[in-house]
Structures are given as structure tokens and as C-alpha cells.
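Have a look at the structure below, then the notes.
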Amino acid sequence: MIKVNENFLRLKSSYLFSEIAKRVQEFQTQNPKVEIIRLGIGDVTLPLPKACIQAMHKAIDELGQASTFKGYGPEQGYSFLREAIAKHDYQQKNIDISPEEIFVSDGSKCDTGNFQELFSQDIKVAVPDPVYPVYVDSNVMAGRTGEFKDGEYQGLVYLRSTKHNNYLPDLPSQKIDLIYLCFPNNPTGASITKEQLQVWVDYALEHKALILFDAAYEAFIQDSTLPHSIFEIPGAKQVAVEFRSFSKTAGFTGTRCAFTVIPKECFIYNSQGEKINLHKLWLRRQTTKFNGVSYVVQRAAQAVYSEEGQQQVKNNIAYYLNNAQLIRKTIQELGFHCVGGENSPYIWIECKQDSWDFFNFLLHKAGIVSTPGSGFGKSGEGYIRLSAFNSLENVTLAMQRLKEVFNS
Ligand code: MLT
């Protein structure tokens, strides 16, 4: 008899964004005339930068010639891309990361979800609350939690990030082995300073813990005092892994390309307390389970670092941040408390009622798709998230509709 992995049965019935998509689809079927504006899932709407398109065309032509054809690529990513990443994202910013410490992948969702495989079953895991659901669900699938009770999985430590602590979690009172942090934060859009991040690095150093730092939204940082990388923080290379993505930065949500940085001096421990090199372990995992990102896509990602690519990406980010400003301003004018939207494409809005009720209200009264805060965890109850990823025309229209709904 084929038996199920019972850990999967602990999961809530569907993934947050699948549930939203289902509800929106049902609404659209019942109300075919409503022009729905999607400010829910953070999915980009602008086309790929021209520099990326040109690089892809060229790469496809190479694949069409026997002399330049490519089969399997290196599992860790082509060196042309790893070198470009190390140079532009780290070395030019005085952060000492080498191309060998970079693993190119098909997405930060996959990497943040898969990474927990490297750790023992009995580690203590802390996640922010509200949280990007992948960190939680992947640990549930791995059997590191108990049942889902009162909005939480037993066994996980939830780091509350609420209005009361400015959406920045406090250090846990108990000893944690694995800490997930995400800044600029998804879903709240809150950011962290170097001093605040140093506190977490010091904690990890003291407790021989590891920080999984999700920096998928770093390109949206406008405040020049904020860290773009955890490796700007002294000591972080010993205790942190960083996840970055081309998805929101360069419009690769459908194209798929991201990377994970694992410094060679980062160690975890076996049951005898001996050091195990994390970089080697992930390489071993990837060479077994992953065959790399396609050559064409890696060439496109490399083009992000060309002079034109950098300018085009900057323009796209400015475009979304302009939307974010518009949303933030309208929401505040309407009298709601909100955070985010300044160094992030997300605006986290206090709605002071059940999140799913408010989600339904916005969908039915204004035809706007949001993301209910409670979908990101217990501390998200009473909030919704709006995303700035849409056209300026649609965001402007959405804000007009909100004004009509709340001012009438
Ligand atoms: C989000 O809306 O939170 C993101 O698009 C989800 C993701 O990047 O997987």
C-alpha cells in the first residue's frame, strides 16, 4: 500500500495565492462585466528590459548552431553570470563575495523552500509573523512542526512583527537554530537598518545559529543608509545565507532566475558538534537535484548588469515605486495606517477587521484584488497587502475606486 507523507496533511488546504486566484476567478465568473484590478500577488507587469531580450535572441541563435550549441550547463550557474553578480552586486559595493560563493537558480521561492533540507529534523526554527508562507510550509512538509492550532503550527517560533515593534521582530527569548529574515519585508514592506541587522548577526554568532536572509526586494531600497545585503554586516559571512532574485528586479517572474549566496566560511554542525561546510553541502544537494537554469535565461540575467540593462531595470523599479507612492498616499488620505511602499513594492494596510472580509469587500465593492494579511500568519489578521506591480493607469483607477468607496 502506498502511504502518504503525513506531514503534508498538516498543511492548510491550499497555498495562499492559489486560494486568492480561485476566489477571484469565482467572482469574475459571477461578475463578468467587472474590470478587476490585480494588486494581490506580487507579479510584475512591465515587459522584460530590452537588454535582456536582445541577449536572449543572441543566445537562442547560439543554440541553433552546432559550433555554439550548449547542452547541460554547470549546476551552480555559468561563470559569466556568477562573475557579473559577484562584481556588480557585491564587490563594487565593497562586499567580499566571490563568484564561487554564488549559486544561480530558478527562483528564490524554490531556494528558500528547499534550503531547510540541509538541517536536522530537531532544530528550532523561527519565522517572522507575518511571513512569506514558503518558509513555514516547507518546514511543515519536512515534519519540523506539530499541528496547526489557533493560527499557528506547534513547534515553530513566530517572531511577531507588528505595529508595536515597527514591524521589526524582537530577538527570541529562547535559543533558535534557524532564523528566517526577509528585508525589505514581504508582506509588510518594512525595512531594517544596519544596526538592527547587526543584532541578529550577533545573536546567530553567539548561538551558532544560521540566518536565511531573503533579499528578493533589495533593488527597491531607496534609502541609502539601509543595507542591501546581510553581508554588509560584520560577522554575517559566518552565519548567513542570502537569497536574491531577478523576478521583481528585472521582471523575471515568468522567465525564472535567482541566486543564493553561501559564503565559504559559513558552517553548520553535526551531532558531535563538528563543523560542516554549508557551501559544500548545498553544492552536493544541487548537483543531485538540480540541472541549472537554461543558458538563454542566464544570458538574459547577465544583460541586467550591462550599462543599458542597469538603466532599464532602474526605470522599471522607479515605475513600480511611483505606483507604491500613489497607493501609500491615497491610503493615508483615506485615514488608514500603513507601512511599506517606500523601499518596497508592498503596502501593508491596517483594515481593523477580518482580513478575508476586507479582501471580499474590496473585491466586491471596488473590483480590487488585495492579499489578506491573515494569509501571512496570525499577526497579519486585521491587515491587507496591496502590491504596486501593475500599470500606473490601473493603480490610478484602483485608487479612484477606493476614494469613491470610502468617501461616499
Ligand atoms: C508575493 O506576492 O508575495 C510574491 O509574489 C510571492 C512570490 O514571490 O513567490
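Check region 26-40 and report whether any residue there is assigned to a helix (DSSP H, G or I) and either charged (D, E, K, R) or in contact (Cβ under 8 Å) with a residue 12 or more places away in the chain (or both).
Within region 26-40, the subset assigned to a helix (DSSP H, G or I) is 26-30.
Remaining after also requiring either charged (D, E, K, R) or in contact (Cβ under 8 Å) with a residue 12 or more places away in the chain (or both): 26-27.
Yes, because at least one residue in region 26-40 is assigned to a helix (DSSP H, G or I) and either charged (D, E, K, R) or in contact (Cβ under 8 Å) with a residue 12 or more places away in the chain (or both).
I'd like the residue in region 369-387 that is more than 15 Å from the ligand (Cβ to nearest atom) and in contact with a Lys or Arg (Cβ under 7 Å, 6 or more places away or on another chain) and, out of all such residues, is nearest to PHE27 (Cα to Cα).
GLY382
How many residues are within 16 Å of the ligand (Cβ to nearest atom) and of a type outside the set (Ser, Thr, Tyr) if we restrict to region 142-171?
Total meeting the criteria: 0.
Taking the criterion of being among the hydrophobic types (A, V, I, L, M, F, W, C), within 16 Å of the ligand (Cβ to nearest atom) and at pLDDT below 95, would at least one residue in region 5-18 satisfy it? Lay out the reasoning, then the answer.
In the first step, residues of region 5-18 are kept if they are among the hydrophobic types (A, V, I, L, M, F, W, C); the result is 8-9, 11, 16-17.
If we keep only those that are within 16 Å of the ligand (Cβ to nearest atom) too, we end up with 16-17.
If we keep only those that are at pLDDT below 95 too, we end up with 16-17.
Yes, some residue in region 5-18 is among the hydrophobic types (A, V, I, L, M, F, W, C), within 16 Å of the ligand (Cβ to nearest atom) and at pLDDT below 95.
Give me the residue from region 117-157 that is charged (D, E, K, R) and in a helix (DSSP H, G or I) and, out of that set, surrounded by the fewest Cβ atoms within 10 Å (Cβ to Cβ).
GLU117
What pairs come out if I take residues in region 232-257 that are farther than 16 Å from HIS88 by Cβ and free of Cβ contacts under 8 Å to residues at least 24 places away in the same chain and pair them with residues that are within 16 Å of the ligand (Cβ to nearest atom) and in a loop (DSSP other than H, G, I, E, B) whose C-beta lies under 9 Å away, six or more apart or interchain?
Correct list of pairs: GLY254/ASP43; GLY254/VAL44.
Condition check: more than 16 Å from the ligand (Cβ to nearest atom), of a type outside the set (D, E, K, R), touching a strand residue (DSSP E or B) at 6+ places or on another chain (Cβ under 9 Å) and modelled with pLDDT under 95. Does GLN174 satisfy that? Write out each step before concluding.
Details: more than 16 Å from the ligand (Cβ to nearest atom): yes; of a type outside the set (D, E, K, R): yes; touching a strand residue (DSSP E or B) at 6+ places or on another chain (Cβ under 9 Å): yes; modelled with pLDDT under 95: yes.
Taking the combined requirement at face value, the residue satisfies it.
Are there helices (runs of 4 or more DSSP H) fully within region 290-408 with at least 2 residues that are β-branched (Val, Ile, Thr) and touching a helix residue (DSSP H, G or I) at 6+ places or on another chain (Cβ under 9 Å)? List them.
Numbers: elements: 295-303, 307-333, 355-366, 392-407.
Of the helices (runs of 4 or more DSSP H) lying wholly inside region 290-408, those with at least 2 residues that are β-branched (Val, Ile, Thr) and touching a helix residue (DSSP H, G or I) at 6+ places or on another chain (Cβ under 9 Å) span 295-303, 307-333, 392-407.
Each row is one residue, and each column tells you yes or no for (1) open to solvent by 50 Å² or more (accessible area, probe 1.4 Å); (2) over 25 Å from CYS182 (Cβ atoms).
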site: GLY335; (1), (2): yes, yes
site: GLY340; (1), (2): no, no
site: TRP348; (1), (2): no, no
site: PHE359; (1), (2): no, no
site: SER374; (1), (2): no, no
site: TYR383; (1), (2): no, no
site: PHE389; (1), (2): no, no
site: ALA398; (1), (2): no, yes
site: LEU402; (1), (2): no, yes
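Residues that are within 16 Å of the ligand (Cβ to nearest atom), of a type outside the set (Val, Ile, Thr) and either more than 30 Å from VAL369 (Cβ to Cβ) or assigned by TED's automatic domain parsing to the domain that holds PRO227 (or both): does region 83-102 have at least one?
Keep residues of region 83-102 that are within 16 Å of the ligand (Cβ to nearest atom), which gives none.
Scanning region 83-102, I find no residue that is within 16 Å of the ligand (Cβ to nearest atom), of a type outside the set (Val, Ile, Thr) and either more than 30 Å from VAL369 (Cβ to Cβ) or assigned by TED's automatic domain parsing to the domain that holds PRO227 (or both), so the answer is no.
Among the numbered criteria (1) closer than 22 Å to ILE347 by Cα; (2) without any contact (Cβ under 8 Å) to a residue 40 or more places away in the chain; (3) touching a Phe, Trp or Tyr at 6+ places or on another chain (Cβ under 9 Å), which single criterion is violated by PRO187?
Going through the list (1) closer than 22 Å to ILE347 by Cα; (2) without any contact (Cβ under 8 Å) to a residue 40 or more places away in the chain; (3) touching a Phe, Trp or Tyr at 6+ places or on another chain (Cβ under 9 Å), PRO187 breaks only (2).
Considering region 77-96 alone, what residues qualify as being part of a loop (DSSP other than H, G, I, E, B), surrounded by fewer than 22 Cβ atoms within 10 Å (Cβ to Cβ) and in contact (Cβ under 8 Å) with a residue 24 or more places away in the chain?
Initially, region 77-96 is screened for residues part of a loop (DSSP other than H, G, I, E, B), giving 77-78, 94-96.
If we keep only those that are surrounded by fewer than 22 Cβ atoms within 10 Å (Cβ to Cβ) too, we end up with 78, 94-96.
Result: TYR78, ILE95, ASP96.
Being open to solvent by 10 Å² or more (accessible area, probe 1.4 Å) and either in a helix (DSSP H, G or I) or among the small types (Gly, Ala, Ser) (or both) is the filter here; which residues of region 252-268 pass it? Walk me through how you get there before you give the answer.
Step one: filter region 252-268 for residues open to solvent by 10 Å² or more (accessible area, probe 1.4 Å), giving 253-256, 264-265, 267-268.
Residue satisfying the conditions is GLY254 alone.
Can you find a residue in region 46-63 that is within 22 Å of the chain's Cα centre (by Cα), farther than 28 Å from TYR180 by Cβ, surrounded by 15 or more Cβ atoms within 10 Å (Cβ to Cβ) and within 16 Å of the ligand (Cβ to nearest atom)?
yes
Restricting to region 260-288, and then to whatever is closer than 26 Å to ALA301 by Cα and touching a helix residue (DSSP H, G or I) at 6+ places or on another chain (Cβ under 6 Å), can you tell me which residue is farthest from the ligand (Cβ to nearest atom)?
Filtering first and then ranking leaves LYS264.
Restricting to region 221-252, and then to whatever is out of contact with any strand residue (DSSP E or B) (no Cβ under 9 Å at 6 or more places or on another chain) and within 16 Å of the ligand (Cβ to nearest atom), can you tell me which residue is farthest from GLY309 (Cα to Cα)?
The qualifying residue farthest from GLY309 (Cα to Cα) is LYS248.
Just to verify a result, which residue in region 221-230, among those that are surrounded by fewer than 24 Cβ atoms within 10 Å (Cβ to Cβ) and of a type in the set (A, V, I, L, M, F, W, C), is nearest to LYS194 (Cα to Cα)?
Only one residue fits best here, namely LEU226.
The values are calculated or read from the model by the stated rules, or taken from the named source; none is laboratory data. What you are looking at is a predicted structure, and each value in this text was computed from that prediction instead of being measured. Cβ sites come from the backbone with ideal geometry, for glycine too, and all protein chains shown count toward neighbours. Please note that ligands, DNA and RNA were not included when accessible areas were found on the heavy atoms of the full protein model with its side chains. Shrake-Rupley method; radii C 1.70, N 1.55, O 1.52, S 1.80 Å.
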